[in-house]
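As structure tokens, the structure follows; a few thoughts come after it.
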Amino acid sequence: RAGRPGVIEAYRDRVSIPADARVVTLHEGGTPLLPAPYLSDRAGASVYLKVEGANPTGSFKDRGMTVAMTHALHEGSKAVICASTGNTSASAAAYSARAGLTCAVLVPSGKIALGKMAQAVAYGARILQVDGNFDDCLELARKTASEHPITLVNSVNPVRIEGQKTAAFEVCDELGRAPDLHFLPVGNAGNITAYWRGYAEYAADGVVTSTPRMFGFQAAGAAPLVSGEPVARPETIATAIRVGSPASWAGAVAARDASNGRFGAVTDEEILAAYRLLARREGVFVEPASAAGVAGLLTSVTEGLVPPGSVVVCTVTGHGLKDPDTALGTPVRVEPLPVDPAAVARALELV
Ligand code: F0G
């Protein structure tokens, strides 16, 4: 594939859209599969990061949104709606702007990261702050779309998953094989469903000869898939995955079972430790939710679940600048200095 043509163009034969549809794209996908030397050392494995923050709106949501928006436009929709913890809304807002559609986003009051709100504002979405959590927002969005002429672009819209599965294709195309293990954060469970669909499709068509074990990680305060029942009041610093009742529950369970995989929970402390480690050891600044998969890799290594020498991919789902408050919340060390080279040298203990 030359350059970065967008996931529909890159995988024309595998992502179906109506023949005469105008493709709505911001040239998403084609994100780095970055070797992670520090994590590889820690894991005794070859660890790669699939850096989804490199997408046009800074998260993996763009892969599904290009397909959802292409269908919406083709069907003659004038408006789209979604519920979101922030990234789906940023993506929906951007692709709506590109398509010339009106976009309404339902977000949980006070629980969306600052950068994501800035995106919705910048792209010109109608922002409705709901006095409730993400699960409440999703229920409202579904009801509204079922009763009124407005298209739902959450991942309960099946074409979103079709777009998101392209990340698994890219991983296989780049490695020349499927990984042994795939780690990722899980919230509403669309992405683990999508990756598994992509890997299974490539294996069924003989493009690869194996599929990875899927390891999905949730925040301990929002881990319905781990406990096996919905969480009424989910809580975590990783607001992107603050979801108590995942819409793609069945898809996630199917991915785990068919791949001999696993769900796990990581605490906010473990998430923040992985978040800092990614930035400071690998040079990859992600948002907190994205670090949940890496936190899961580290706990899995400790538990002896990562065979030495295996090929491991961790999807880091969103860019660190999405959530500046978390970045700045850790005690910031800023040192005041006069305009004086000697003072610089002293501050850096060079003299
Ligand atoms: N990581 C980030 C950065 C996310 O924004 C999300 C989901 C996930 C992981 C989990 O993916 O829901 O497919 O299991 N964000 C949704 C949103 C809920 O509204 O942007 P999932």
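The values are calculated or read from the model by the stated rules, or taken from the named source; none is laboratory data. If you're wondering where the values come from, they're calculated on a predicted model, not measured in any experiment. Note that we place each Cβ from the backbone using ideal geometry, even for glycine, and neighbour counts take in every protein chain shown.
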Among (1) farther than 20 Å from Ile237 by Cα; (2) assigned to a helix (DSSP H, G or I), where does Asp136 come up short?
(1)
Sole exception among (1) in contact (Cβ under 8 Å) with a residue 24 or more places away in the chain; (2) part of a loop (DSSP other than H, G, I, E, B) for Pro336, by number
(1)
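Being surrounded by fewer than 24 Cβ atoms within 10 Å (Cβ to Cβ) and under 14 Å from the mean Cα position of the chain (by Cα) is the filter; apply it to region 311-320 and report the residue that is farthest from the ligand (Cβ to nearest atom). Outline the logic, then answer.
Narrowing region 311-320 to residues surrounded by fewer than 24 Cβ atoms within 10 Å (Cβ to Cβ): 311, 319-320.
Narrowing the set further to residues that are under 14 Å from the mean Cα position of the chain (by Cα) leaves 319-320.
On the way: His319: 9, Gly320: 10 Å.
Across region 311-320, the extreme among qualifying residues is Gly320.
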Hey, can you tell me all the residues within region 61-95 that are of a type in the set (Lys, Arg) and crowded, with 24+ Cβ neighbours inside 10 Å?
Lys61, Arg63
Tally, over region 196-217, of residues that are among the small types (Gly, Ala, Ser), in a helix (DSSP H, G or I) and within 19 Å of Phe183 (Cα to Cα):
3
Examine region 127-134 for a residue that is among the acidic types (Asp, Glu), modelled with pLDDT under 95 and either out of contact with any Gly (no Cβ under 9 Å at 6 or more places or on another chain) or surrounded by fewer than 19 Cβ atoms within 10 Å (Cβ to Cβ) (or both), and state whether such a residue exists.
yes
Can Phe263 be described as over 14 Å from Ile192 (Cα atoms) and touching a residue at least 24 places away in the same chain (Cβ under 8 Å)?
no
Please pick out the residue among Glu229, Glu287 that is touching a strand residue (DSSP E or B) at 6+ places or on another chain (Cβ under 8 Å) and acidic (Asp, Glu).
Glu287
Set Ala83, Ala97: member being in contact with a Phe, Trp or Tyr (Cβ under 9 Å, 6 or more places away or on another chain), free of Cβ contacts under 8 Å to residues at least 60 places away in the same chain and within 29 Å of Ala168 (Cα to Cα):
Ala97
Considering only region 201-211, state which residues are touching a residue at least 12 places away in the same chain (Cβ under 8 Å) and surrounded by fewer than 18 Cβ atoms within 10 Å (Cβ to Cβ).
Glu201, Ala203, Val207, Thr209, Ser210
Among the numbered criteria (1) assigned by TED's automatic domain parsing to the domain that holds Thr267; (2) in contact with an Asp or Glu (Cβ under 6 Å, 6 or more places away or on another chain), which single criterion is violated by Ser91?
(1)
If you take the residues in region 40-60 that are among the charged types (D, E, K, R) and within 16 Å of the ligand (Cβ to nearest atom), which one is surrounded by the most Cβ atoms within 10 Å (Cβ to Cβ)?
Glu52
Could we say that Pro308 is closer than 30 Å to Ala189 by Cα, away from the ligand (no atom under 16 Å from the Cβ) and at pLDDT 95 or above here?
yes
Can we say Ala279 is at pLDDT 95 or above, more than 13 Å from the ligand (Cβ to nearest atom) and in the same structural domain as Glu201 (by TED's automatic domain parsing)?
yes
Against the condition of a type in the set (Gly, Ala, Ser), modelled with pLDDT of 95 or more and closer than 26 Å to Phe134 by Cα, how does Ala104 come out, does it pass?
yes
For region 83-125, how many residues are within 14 Å of the ligand (Cβ to nearest atom), hydroxyl-bearing (Ser, Thr, Tyr) and assigned to a helix (DSSP H, G or I)?
4
Restricting to region 1-56, name every residue that is among the β-branched types (Val, Ile, Thr) and under 23 Å from Pro158 (Cα atoms).
Val7, Ile8, Val15, Ile17, Val23, Val24, Thr25, Thr31
Has region 284-304 got any residue that is more than 16 Å from the chain's Cα centre (by Cα) and over 21 Å from Pro37 (Cβ atoms)?
yes
Odd one out for Val80, checked against (1) within 15 Å of the ligand (Cβ to nearest atom); (2) in contact with a Pro (Cβ under 6 Å, 6 or more places away or on another chain); (3) not in a helix (DSSP H, G or I)
(2)
